Amino acid sequence: MATSIGFIPSWHLDETLYSWAARFHAIHGNGSARETGALLFDAEHACRERDAPRNLHHFVNVTGGTLGNVHDLLRERTAIGLYLPFLSPSMLAAVKEKINCGKGIGWRAQFGMAASSLDSASQLRYCTTCIDEDRSNLGLSRWRVSHQWLGSWVCAEHGRPLCKVSPKRSAWELPTLCSQSMPPPSVSEAELMALIHLSKLAEHVARSEALDMDSVRQLALNGFREQGVTSWSHPVDRMQLARWFKSMPIVTWLARSQGPENKLAGGEWIHDLLRDRRVDHPLKWLVLWHALFSHEDQLSTVRRLQTPVSQPHWDASGQGRIWGTALDKLPADVNELLTGVTTVVQAAEQLGTTLLSLRKRLKQSGTTLKLLRSEQSLDERFNRSKVSIQIYMDENPLCTRTDVFLHCKTPYEWLRKHRPKELLLLMAKVPHRRSRQIALFI
Ligand SMILES: [Zn+2]
């Protein structure tokens, strides 16, 4: 059993676990980095795992759980916590088992991202204005977790590009203005807006529960079709998607970026992301989601990702799911919803789609809202007529077909004109004493 450490500083706002350990190291005199690593994580080289040291169980033991359990630490204090919502159910179950079993593991490898070349495990980011503020308010700077999320390349608070640091030596370091950092790239106004949107999206997603990635994938396809990037009836095209992506403000920034994200600028990866069912890198999903829905307000973009099942779905071959598997047929539940509303605007709102998209879809089905409603009133009339005749027949079990005709003339005539087959079926229940006369009435 690990011995508890004496003084346990509390979290300072949104600092990362690495930042807390570096602060702890500084408070205790900046002695041996190895000793601090051994004390906090039972690993002399723990400082090299800047995103999440493997022996978090040891850390929870020596801090007496006062700073959170292993799951909380991963979710809230490490950059790789953002991977968790994107994990498949089986991978998530495996991670939870590792969290509970108490053995030290490499979290990045556990998340299936060991070979990923899209983000760096050792690189850290900071905002110079944030450092200034921290130093004057607290005397010590911190690594903010919001600056370390995937896709976080600007400080959303100050609208400044973040500096990147890749420390080469094994050390517990807090950010300083003299850090050996790469200067932040200059950004245009449009790029800055895009980067802030993406950065806030990443922060929201990091706080999300497990995402339904199959539905998210389908909703992305739906988004492309609603925005006219791809057609409603053809499979998605790799180059078409890439051309669309290249028109986004964020792409000029990605293309100039010196980091691994630079390889996303081409946009060809979007096609594979949508077609493949395997779990792909969260950064791709964040960038795609931002590009698809950056014209919306931030909360709507996040809500679409967190609750994709509330939106109409399309699969990659151009066939609808909620709308039905055939383009010329609306499924019963959508049909019911459409006939229950009074305007197309209302229908679009309830289906969570745009007016333009709904009208287009109705046209493809060869119908309109007015037509659907008139069909519905025909159905209601049919039911009323049928029930009315049925009641007469139940009350007069010995009636003949002439009796039915004479006593239920209006519903009988309506059925003969609009639903003759159903009338035949109904009349088949009446005794055949005058069956030869049926032809007179039908
Ligand atoms: Zn800042």
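Can you tell me how much longer the chain between His158 and Ser170 gets when fully stretched, taken as 0.36 nm per residue apart minus their C-alpha distance, in nm with one decimal?
Length gained between His158 and Ser170: 1.3 nm.
Let me see the P(r) profile for segment 371-441: every Cα-Cα distance counted, bins of 5 Å, each bin given as a percent of all pairs.
Histogramming segment 371-441 at 5 Å steps yields 3, 16, 30, 25, 13, 6, 4, 2, 0 percent.
Would you grab the residues whose amide H sits under 5 Å from the one on Val154? Only those 5+ places off in sequence or on another chain, please, with H modelled 1.01 Å from N.
Leu162
Can you give the charge dipole size of segment 17-110 about its Cα centre, rounded to the nearest 20 debye, using +1 on the beta carbon of Lys and Arg and -1 on the beta carbon of Asp and Glu?
Here the size comes out at about 140 debye.
Order 187-199, 413-425, 49-61 from most to least packed using the mean count of other Cβ atoms within 10 Å.
49-61, 187-199, 413-425
Using only Cα atoms, what is the ratio of the radius of gyration of segment 1-63 to 2.2 N^0.38 Å?
Here the answer is 1.00, to two decimals.
Which lysines, if any, have their Cα less than 26 Å from the Cα of Lys200, not counting same-chain residues under 8 positions apart?
Within the straight-line limit of under 26 Å, Lys200 reaches these lysines: Lys164, Lys246, Lys263, Lys284.
Beta carbons within 10 angstrom, averaged per residue: use that to sort the peptides 4-11, 267-274, highest first. Display every interim value, and only then the final one.
Values: 4-11: 10.9, 267-274: 18.6.
Packing order, densest peptide first, comes out as 267-274, 4-11.
From the phi angles alone, apply the Karplus equation (6.51, -1.76, 1.60; θ = phi - 60°) to segment 243-259 and give each ³J(HN,Hα) in whole Hz, x where the residue is Gly or Pro.
Taking θ as phi minus 60°, the curve returns 4, 4, 4, 5, 8, 7, x, 5, 5, 5, 5, 4, 5, 8, 4, 8, x Hz for segment 243-259.
How much of the pair distance distribution for segment 17-110 lies past 20 Å, counting alpha-carbon pairs only, in percent?
Result: 32 percent of Cα pairs exceed 20 Å.
Compute the relative contact order of segment 243-285 as a whole-number percentage, counting only Cα pairs closer than 8 Å that sit 6 or more residues apart in sequence.
On the way: 23 pairs, mean separation 12.8, N = 43.
Reported relative contact order: 30 percent.
Only the coordinates and a few stated rules stand behind these numbers; no lab work does. Worth saying up front: this structure is predicted, and the values here are computed from it rather than measured. Glycine also receives a Cβ, built like all others from the backbone with ideal geometry; neighbour counts cover every protein chain displayed.
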